[in-house]
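Input: a single structure, listed below in structure tokens.
The values are calculated or read from the model by the stated rules, or taken from the named source; none is laboratory data. Bear in mind that the values here come from a model prediction, so they are computed numbers and not experimental data. Cβ placement follows ideal geometry from the backbone for every residue including glycine, while neighbour counts extend to all protein chains displayed. Side chains are part of the model used for accessible areas, which takes the heavy atoms of the whole protein and leaves out ligands, DNA and RNA. Shrake-Rupley method; radii C 1.70, N 1.55, O 1.52, S 1.80 Å.
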Amino acid sequence: MSNPTNPTNEPRGIAGHGAFFQPTNLPPEQAERATEWVRKHVDRRAIDLGSRMDDVREHMWALEREGEIIVHRITDAHRPRMVKTLFGWDKKIPTAQLWHHKSCGQCGNIPGYPTSLLWTMNELGMQPGRDYLDETDQTSCTAWNYHGSGIGNVESLAAVFLRNFHQAYVSAKRMGHDVGHFFPLVHCGTSFGNYKEVRKYLIESAELRERVKKILAKLGRLIDGKLVIPEEIVHYSEWVHVMRNDVASRLQKIDVSNLRVTVHMACHYNKMVHEDAIYDPEVMGGNRAATGTGIAQALGAQVIDYSTWYDCCGFGFRHIISEREFTRSFTIDRKIKVAREEANADLMLGIDTGCVTTMDKNQWIGKAHEQQYSLPIMADIQFAALACGADPFKIVQLQWHASPCEDVVEKMGISWAEAKKKFEDYLEQVKAGKIEYLYDPKLAMSMAA
Amino acid sequence: MQEKIWACAQCMTCAARCPFKNSPGGLVAIMREVAIKHGMQSAKDVLRPFGRVMLKLITTGNQLSPDMIQPDHFPDWGPNIQKVQGDLKVLRKAIPMKTLQTTDTAWEVSLKTSVEMYTIWEMTGVLKQLETMDENLYDVIEDFIDEKREEYDDWLDAHADEKEDA
Ligand code: SF4
């Protein structure tokens, strides 16, 4: 059969990018059959456990016993809750005394993400400075840059990991608490995936440990000459997941059962180090990673499944900056369009920075390609905060979103126009220096410089 | 091949699907590092639009900032990428977290933290990578780092004086 993109039928491969790409032209049934194993693999959690899948945490405990490292432990004071990961392993999620490890994409672009999280913690009675800390002494994980540009290496990523987590370990000293008081809560999905990869390298490679030890020594960030590694790498969506019933039973004010919700799972949450993602038999029969979906269910929304749930959002790290045609086509074709046409969704929830940005910002351009799909996009915790009565502007900060979030707010029975007017009045107060905070700003300053 | 390694979206879909537990996406990342190490032209071309992110990351420890995400940088995001218009500084001040009331970094990073980052970049060869890829950008970054280190030393001196006075 002649192929319109390759009339001479020269063998060029079927995958790829740009001019290299050409369709397989398989009839639908054959295409279905050709990719069946892929869907089966991910939907049924049929990954063969085998003897090769190793729990890196066992090696971590061994290193601690040998006096090689210090493990930042999750103690009873962190009020942990247990969950199960992909292979049924236990994972401990601390629910109190948390060190907020921020995301550059969230803070720079979707600030309602961290503000909704801190607001929810406050509403649950958590006390800033004792039950959580948000401070200036932390850097990005630098992994967005690494995955986008290739600048960086395992050693630099490991040094950043150890620097930031050492700071989490000692951060409470200035408040008079013991070391280890605050346990890191990682906001970004890419940081979460990257840190888990790095943890594995650090635990498996004595050579890498030796090399980064020199750097950490120079920074004054060793404890008794040892590296500090946290017992678990915990994503904020995991905190939301284990707290979902508390949020729903103690805080929820608005009925959201009229809303059809789709969830986009972040690749770097459930694919990068897939054995560490939470799965729960009560969430999608245990066939999907549970975070994001779990909180939507607990709030009583209608969670709707869709065929491309497993796909990436199209962020691509460098693509969102310099291959934007790829990013916007992917996100519209594989996510927005499917969620609208197949699931008739009112809303798409994300649990990560890049995905929310990509899906939120790349809808308007669809008009240029006669792809008029629009769908409100926000994070799970922003949706939860709205359902619990948070202000759509002051707290949920929806003013930074491009997608039609006002539609969801209105469907929840909140007047967008009134909330917006109130916020515009508040901006006048802000100009006069009357700013409302979620915590005492002095707590944030880890040093005067 | 050179171009193809940059096409990868680093979604790691392959890592979760490979029946042999390989990670093609991870291998692509290593191949990119090799392309950079050898200063390959494809890597230089691909990295050119990344200059701003790189500058931000290396000098502040943050990868992007609110002043980078403005409509003129992203015309394809449409005319209404924000639902309340106004001065960026005021809008950022209206975020109820002290660390986020910034415009040129995603959050306020303490000077000491940034200076620690410079040590990491130097000791892990990242600055060297940058020098291979873009000498002009490297020069700008070097000057910036020197300035910030001086600023930090001054702060330490002033702080030591304060301690003595007390
Ligand atoms: S090679 Fe792997 S990580 Fe890269 S785009 Fe393909 S599936 Fe994603």
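Below are the figures for this structure:
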quantity	calculated
Condition check for A:LEU386: in the same structural domain as A:LEU299 (by TED's automatic domain parsing), in contact with a Cys (Cβ under 6 Å, 6 or more places away or on another chain) and not aromatic (Phe, Trp, Tyr)	no
So A:ILE321, is it facing chain B (nearest Cβ under 10 Å), of a type in the set (A, V, I, L, M) and touching a residue at least 60 places away in the same chain (Cβ under 8 Å)	yes
Extreme residue, nearest to A:SER307 (Cα to Cα), among residues of segment A:335-362 that are touching a Leu at 6+ places or on another chain (Cβ under 7 Å) and open to solvent by 10 Å² or more (accessible area, probe 1.4 Å)	A:ARG340
Options B:TYR138, B:TYR152; residue that is within 18 Å of A:GLY220 (Cβ to Cβ) and either open to solvent by less than 60 Å² (accessible area, probe 1.4 Å) or in contact (Cβ under 8 Å) with a residue 24 or more places away in the chain (or both)	B:TYR152
Matching residues, segment B:93-130, being within 7 Å of chain A (Cβ to nearest Cβ), open to solvent by 20 Å² or more (accessible area, probe 1.4 Å), more than 18 Å from A:LEU162 (Cα to Cα) and not in a helix (DSSP H, G or I)	B:GLU108
Odd one out for A:TRP144, checked against (1) facing chain B (nearest Cβ under 8 Å); (2) open to solvent by 10 Å² or more (accessible area, probe 1.4 Å); (3) free of Cβ contacts under 8 Å to residues at least 12 places away in the same chain	(3)
Residue pairs meeting the criteria (Cβ under 7 Å; at least 6 apart or on separate chains; first open to solvent by 30 Å² or more (accessible area, probe 1.4 Å), in segment A:295-316; second acidic (Asp, Glu) and in a loop (DSSP other than H, G, I, E, B))	A:GLY300/A:ASP255; A:SER307/A:GLU342
Wholly enclosed helices (runs of 4 or more DSSP H) of segment B:22-62 bearing at least 1 residues within 16 Å of the ligand (Cβ to nearest atom) and surrounded by 14 or more Cβ atoms within 10 Å (Cβ to Cβ)	B:24-37, B:41-47
Members of segment B:34-45 that are touching a residue at least 40 places away in the same chain (Cβ under 8 Å) and at the interface with another protein chain (Cβ under 9 Å from one of its Cβ atoms)	B:ILE36, B:ALA43
Evaluation of A:PRO281 against (1) within 14 Å of chain B (Cβ to nearest Cβ); (2) away from the ligand (no atom under 16 Å from the Cβ) (one fails), failing number	(1)
Segment B:55-92: number of residues that are more than 7 Å from chain A (Cβ to nearest Cβ) and touching a residue at least 24 places away in the same chain (Cβ under 8 Å)	7
Any hit, segment A:405-418, residues being farther than 14 Å from A:LEU347 by Cβ and of a type in the set (Lys, Arg)	no
Checklist (1) touching an Asp or Glu at 6+ places or on another chain (Cβ under 9 Å); (2) surrounded by 23 or more Cβ atoms within 10 Å (Cβ to Cβ) applied to A:LEU208, failing item	(2)
Scope segment A:280-290; condition open to solvent by 40 Å² or more (accessible area, probe 1.4 Å) and outside any loop (DSSP other than H, G, I, E, B); matching residues	A:MET284, A:GLY285
Residues of segment A:257-278 satisfying the condition of being among the polar types (S, T, N, Q), away from chain B (no Cβ under 13 Å) and either part of a strand (DSSP E or B) or within 16 Å of the ligand (Cβ to nearest atom) (or both)	A:THR262
Residues located in segment A:181-217, provided they are within 20 Å of A:GLY148 (Cα to Cα) and acidic (Asp, Glu)	A:GLU197
Every residue from segment B:1-21 that is more than 9 Å from every other protein chain (Cβ to nearest Cβ) and part of a helix (DSSP H, G or I)	B:GLN2
Qualifying residues in segment A:372-416 (those that are outside any loop (DSSP other than H, G, I, E, B) and among the acidic types (Asp, Glu)) - the one most open to solvent (accessible area, probe 1.4 Å)	A:GLU410
Residues being more than 22 Å from the chain's Cα centre (by Cα) and over 19 Å from B:ILE120 (Cα atoms) - total across segment A:187-204	2
